[in-house]
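Q: I'd like to ask some things about the structure below.
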Amino acid sequence: MADGNPHLHDQSDPIDEQHVRGKFASRLGFMLAAVGSAVGLGNIWKFPYITGENGGAAFILIYLACIAVVALPALLVEFSLGRHGQTSAIGTYRKIAPGTPWWLNGLMGVLAGFIILSFYSAVAGWVLKYMIVGIVDGYGTYTKEASGSTFGAFIVQPVAPIVYQFIAMLLTSVIIYAGIEKGIERASKYLVPLLGVILILLVVRSVTLPGAEAGLAFMFKPDFSKLNATSFLNAVGLAFFTLSVGMGAMMTYASYVGKEVHLGKTALQVAVFDTGVAILSGIAIFPAVFAFDLEPSSGPGLIFITLPQIFAQMPMGRLVGIAFFFLIFIAALTSMISIMEPVVTWLVDDLNVRRHLATASAGVAIFLVGVPACLSVDDASVLGGIKIPFFGGSLKFFDLLDTVSQNFMLPLGALGACLFLLLAWKRGAAIAEVAGTGGNTNSGMLQLWYWCAVTITPLGILALLVHGVLGMIGKG
Ligand code: TRP
């Protein structure tokens, strides 16, 4: 605007001057947004297939323990730091410990958000495609013989998956563009309850199938002989991922919350809902898998290869299939906005970019990294032949982004946050932040939280990191 007149640029620009940060209008809105973030592909895609691969009920038990002692305390560390800082993750570290290098942990989070979203959006695109398949053609052709190859042929296509990925990124960006209250809070208020309703309908459909009992037994009768050390580490990793911990996403959401909110209560609610959705997703999936005599341990293809075979055979299968993929898409969308928001908040708070421009540029940049990710999903993909050396082994670009972010950046980020709590922040300040203005700072639960967050939680994360490194070396 004021090209010839530098004065108009600096302090006197009314928009810069106000630079009003958005805010969640209500405690419920914040809670639903955080639940929307937590509930995602991790619950409905990863949790069932990892449970399937690790033998069912016994794995679920360790998973629950990991949520309680590792992921939930870490979530609360992020919540408290974020609300205390009232700014981006990077800015928060800078504010609490000025002049120290801790802000690098925030920077790694922003980068991790960028990376995770670039491949998460690809998978969200597949979900969208499978929903549209149901609407347009139904799942009739997804037979035992054809389902796997149909999926395999779809994900290696050079154009279609990218178009779906683009749509997923566009929807995410539109919500972010509209702001915290009008975008994120409003979308979460509609989508999260809708997700709950669809999920419950699907559970009812699944458990009323003849032969459903075997699936319920698989989920609820533990067989500890199926467990090994890797199951434990899978459980820690999944617990983190599913509560959206490690990259400052929850920190960023909490930076938009009023001081009156008790963060401990909200974190507990988020964990309960998130775990509930994971278990219900299992109940929506395994009884059906067993009723149709399919494999529970088919891995990442569980929802894309195994489930369509069920939809092809079961009464009302087409409708159920469409509802199922719609459910997963909503879950993915409300998670994607939380992965993107830290990047946008950083551009706005630290680099003074206007929110709309920040959203557009982050959206485009993430999509551009997403394209090569999408094109390197499989060995047969366009870029699938390109292998990037990593820890003595080599990985396709998609796997590199996935591995680096989930096995390294998230655990490191969460470890950093816990160590920051221990070394750079004051115990009393942290506990007061969690309790909020009306909360009781002497509560035993809060003391227990602090103790966990500086002992068991970082140790659990450390185990995960070491496992990640050893696993990579082993593969090389
Ligand atoms: N929790 C989401 C899921 O279960 C994914 C997610 C959203 C996430 N935001 C995150 C994971 C931040 C790690 C960090 O699918």
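Q: Which one of the conditions (1) away from the ligand (no atom under 16 Å from the Cβ); (2) farther than 23 Å from residue 412 by Cα; (3) hydrophobic (A, V, I, L, M, F, W, C) does residue 272 fail to meet, given that it meets all the rest?
A: So the condition that residue 272 fails would be (1).
Q: I'd like to check something: does the stretch 351-365 contain any residue that is more than 16 Å from the ligand (Cβ to nearest atom), among the hydrophobic types (A, V, I, L, M, F, W, C), more than 16 Å from residue 118 (Cα to Cα) and in contact with a Gly (Cβ under 8 Å, 6 or more places away or on another chain)?
A: No, the conditions are met nowhere in the stretch 351-365.
Q: In the stretch 88-136, what residues are closer than 15 Å to residue 338 by Cα and of a type in the set (Ser, Thr, Tyr)?
A: Of everything in the stretch 88-136, those that are closer than 15 Å to residue 338 by Cα and of a type in the set (Ser, Thr, Tyr) turn out to be 88, 118, 120, 121.
Q: Whether any residue in the stretch 30-41 is away from the ligand (no atom under 13 Å from the Cβ), under 20 Å from the mean Cα position of the chain (by Cα), modelled with pLDDT of 95 or more and surrounded by 23 or more Cβ atoms within 10 Å (Cβ to Cβ) is what I want to check. Lay out the reasoning, then the answer.
A: From the stretch 30-41, those away from the ligand (no atom under 13 Å from the Cβ) are 30-32; that's our starting set.
Applying the additional criterion that residues be under 20 Å from the mean Cα position of the chain (by Cα) yields 30-32.
Okay, now just the ones that are also modelled with pLDDT of 95 or more, so 30-32.
This time we only want the ones that are surrounded by 23 or more Cβ atoms within 10 Å (Cβ to Cβ), so: 30, 32.
Within the stretch 30-41, one or more residues are away from the ligand (no atom under 13 Å from the Cβ), under 20 Å from the mean Cα position of the chain (by Cα), modelled with pLDDT of 95 or more and surrounded by 23 or more Cβ atoms within 10 Å (Cβ to Cβ).
Q: Assuming residue 440 fulfils every condition listed in (1) closer than 30 Å to residue 263 by Cβ; (2) under 23 Å from the mean Cα position of the chain (by Cα) apart from one, which condition is it?
A: The failed condition is (2).
Q: Need pairs with beta-carbon distance below 8 Å; first residue closer than 17 Å to residue 23 by Cα and in a loop (DSSP other than H, G, I, E, B) and within the stretch 342-371, second at pLDDT 95 or above and not acidic (Asp, Glu); sequence gap 6+ or separate chains.
A: What qualifies is 354/348.
Q: Could you go through the stretch 401-408 and let me know if any residue there is out of contact with any Lys or Arg (no Cβ under 8 Å at 6 or more places or on another chain), more than 27 Å from residue 39 (Cβ to Cβ) and either in a helix (DSSP H, G or I) or without any contact (Cβ under 8 Å) to a residue 60 or more places away in the chain (or both). Before you say what the answer is, go through the steps one by one.
A: Filtering the stretch 401-408 for residues out of contact with any Lys or Arg (no Cβ under 8 Å at 6 or more places or on another chain) gives 401-408.
From the residues that got through so far, the ones that are more than 27 Å from residue 39 (Cβ to Cβ) too are none.
For the stretch 401-408, residues out of contact with any Lys or Arg (no Cβ under 8 Å at 6 or more places or on another chain), more than 27 Å from residue 39 (Cβ to Cβ) and either in a helix (DSSP H, G or I) or without any contact (Cβ under 8 Å) to a residue 60 or more places away in the chain (or both): absent.
Q: Answer yes or no: is there a residue in the stretch 83-95 that is of a type outside the set (Ser, Thr, Tyr), surrounded by fewer than 20 Cβ atoms within 10 Å (Cβ to Cβ) and either farther than 17 Å from residue 344 by Cα or free of Cβ contacts under 8 Å to residues at least 60 places away in the same chain (or both). Working first, answer last.
A: Here is the first cut: in the stretch 83-95, the residues of a type outside the set (Ser, Thr, Tyr) are 83-86, 89-91, 94-95.
Filter once more, keeping what is surrounded by fewer than 20 Cβ atoms within 10 Å (Cβ to Cβ): 86, 91, 94-95.
Subsequent filtering for residues that are either farther than 17 Å from residue 344 by Cα or free of Cβ contacts under 8 Å to residues at least 60 places away in the same chain (or both) retains 94-95.
There is at least one residue in the stretch 83-95 that is of a type outside the set (Ser, Thr, Tyr), surrounded by fewer than 20 Cβ atoms within 10 Å (Cβ to Cβ) and either farther than 17 Å from residue 344 by Cα or free of Cβ contacts under 8 Å to residues at least 60 places away in the same chain (or both).
Q: Residues that are within 26 Å of the chain's Cα centre (by Cα) and crowded, with 23+ Cβ neighbours inside 10 Å: find the helices (runs of 4 or more DSSP H) completely inside the stretch 102-215 holding 3 or more of those.
A: 103-136, 160-177, 186-207
Q: Right, residue 254: touching a Lys or Arg at 6+ places or on another chain (Cβ under 6 Å) and either at pLDDT below 95 or surrounded by 24 or more Cβ atoms within 10 Å (Cβ to Cβ) (or both) or not? Reasoning before the result, please.
A: Numbers: touching a Lys or Arg at 6+ places or on another chain (Cβ under 6 Å): yes; either at pLDDT below 95 or surrounded by 24 or more Cβ atoms within 10 Å (Cβ to Cβ) (or both): yes.
Judged against the criteria, residue 254 is a match.
Q: Criterion first (away from the ligand (no atom under 16 Å from the Cβ) and within 30 Å of residue 95 (Cβ to Cβ)) does residue 145 satisfy it? Steps first, please.
A: On the way: away from the ligand (no atom under 16 Å from the Cβ): yes; within 30 Å of residue 95 (Cβ to Cβ): no.
Considered against the rule, which asks whether it is away from the ligand (no atom under 16 Å from the Cβ) and within 30 Å of residue 95 (Cβ to Cβ), residue 145 comes out as no.
Q: A further question on this structure: If a residue must be touching a residue at least 60 places away in the same chain (Cβ under 8 Å) and either not in a helix (DSSP H, G or I) or not β-branched (Val, Ile, Thr) (or both), how many such residues does the stretch 267-288 contain?
A: Pass one, the stretch 267-288, residues touching a residue at least 60 places away in the same chain (Cβ under 8 Å): 267-271, 273-275, 277-288.
Next cut, either not in a helix (DSSP H, G or I) or not β-branched (Val, Ile, Thr) (or both) only: 267-269, 271, 273-274, 278, 280-282, 284, 286-288.
So the answer is 14.
Q: Let me ask something additional. When you go through 163, 207 one by one, which is the residue that is touching a Pro at 6+ places or on another chain (Cβ under 6 Å) and away from the ligand (no atom under 16 Å from the Cβ)?
A: Working: 163 fails: touching a Pro at 6+ places or on another chain (Cβ under 6 Å).
After ruling out the rest, the residue left standing is 207.
Q: Looking only at the stretch 305-356, filter to residues that are basic (Lys, Arg) and farther than 19 Å from residue 201 by Cβ; which one of those is farthest from the chain's Cα centre (by Cα)?
A: Filtering first and then ranking leaves 354.
Q: Can you tell me which residue within the stretch 272-291, out of those that are crowded, with 23+ Cβ neighbours inside 10 Å and among the small types (Gly, Ala, Ser), is farthest from residue 71 (Cα to Cα)?
A: 288
Q: Of all residues in the stretch 289-331, which are part of a helix (DSSP H, G or I), of a type in the set (A, V, I, L, M, F, W, C) and under 15 Å from residue 56 (Cβ atoms)? I'd like the intermediate steps shown before the answer.
A: Initially, the stretch 289-331 is screened for residues part of a helix (DSSP H, G or I), giving 289-291, 299-302, 306-313, 317-331.
Okay, now just the ones that are also of a type in the set (A, V, I, L, M, F, W, C), so 289-291, 302, 307, 310-312, 319-320, 322-331.
Listed by number, the residues that qualify are 289, 290, 302.
Q: Taking the stretch 216-253, which residues are in a helix (DSSP H, G or I) and within 13 Å of the ligand (Cβ to nearest atom)?
A: So in the stretch 216-253, the residues in a helix (DSSP H, G or I) come out as 216-220, 224-226, 229-242, 249-253.
If the condition is that a residue be in a helix (DSSP H, G or I) and within 13 Å of the ligand (Cβ to nearest atom), then 237, 238, 239, 240, 241, 242, 249, 250, 251, 252, 253 are the ones that fit.
Q: Restricting to the stretch 50-66, name every residue that is within 13 Å of the ligand (Cβ to nearest atom) and either outside any helix (DSSP H, G or I) or surrounded by fewer than 24 Cβ atoms within 10 Å (Cβ to Cβ) (or both). Please lay out each step first, then the result.
A: Within the stretch 50-66, the subset within 13 Å of the ligand (Cβ to nearest atom) is 50, 63.
If the condition is that a residue be within 13 Å of the ligand (Cβ to nearest atom) and either outside any helix (DSSP H, G or I) or surrounded by fewer than 24 Cβ atoms within 10 Å (Cβ to Cβ) (or both), then 50 is the only one that fits.
Q: Tell me, which residue of the stretch 440-461 that is crowded, with 19+ Cβ neighbours inside 10 Å and either modelled with pLDDT under 95 or touching a Gly at 6+ places or on another chain (Cβ under 8 Å) (or both) is farthest from residue 240 (Cα to Cα)?
A: Ranking the qualifying residues of the stretch 440-461, first place goes to 446.
Q: Here's another thing I want to ask about it. Right, residue 320: more than 16 Å from the ligand (Cβ to nearest atom), over 23 Å from residue 191 (Cα atoms) and not basic (Lys, Arg) or not? Working first, answer last.
A: Working: more than 16 Å from the ligand (Cβ to nearest atom): yes; over 23 Å from residue 191 (Cα atoms): no; not basic (Lys, Arg): yes.
Criteria not met by residue 320.
Q: For the stretch 34-82, which residues satisfy the criterion of being within 27 Å of residue 259 (Cβ to Cβ) and either polar (S, T, N, Q) or touching a Lys or Arg at 6+ places or on another chain (Cβ under 7 Å) (or both)?
A: Result: 37, 80.
Q: Could you go through the stretch 254-266 and let me know if any residue there is closer than 27 Å to residue 465 by Cα, touching a residue at least 40 places away in the same chain (Cβ under 8 Å), of a type outside the set (Val, Ile, Thr) and within 16 Å of the ligand (Cβ to nearest atom).
A: First, pick out the residues of the stretch 254-266 that are closer than 27 Å to residue 465 by Cα: 254, 264.
Next, only the ones that are touching a residue at least 40 places away in the same chain (Cβ under 8 Å) stay: 254, 264.
Right, trim to of a type outside the set (Val, Ile, Thr) and you get 254, 264.
Those left that are additionally within 16 Å of the ligand (Cβ to nearest atom): 254.
Yes, the stretch 254-266 contains a residue that is closer than 27 Å to residue 465 by Cα, touching a residue at least 40 places away in the same chain (Cβ under 8 Å), of a type outside the set (Val, Ile, Thr) and within 16 Å of the ligand (Cβ to nearest atom).
The values are calculated or read from the model by the stated rules, or taken from the named source; none is laboratory data. Please read these numbers as outputs of a predicted model, since none were measured by experiment. Don't worry about glycine lacking a Cβ; one is built from the backbone with ideal geometry, like all the others, and counts go over all protein chains shown.
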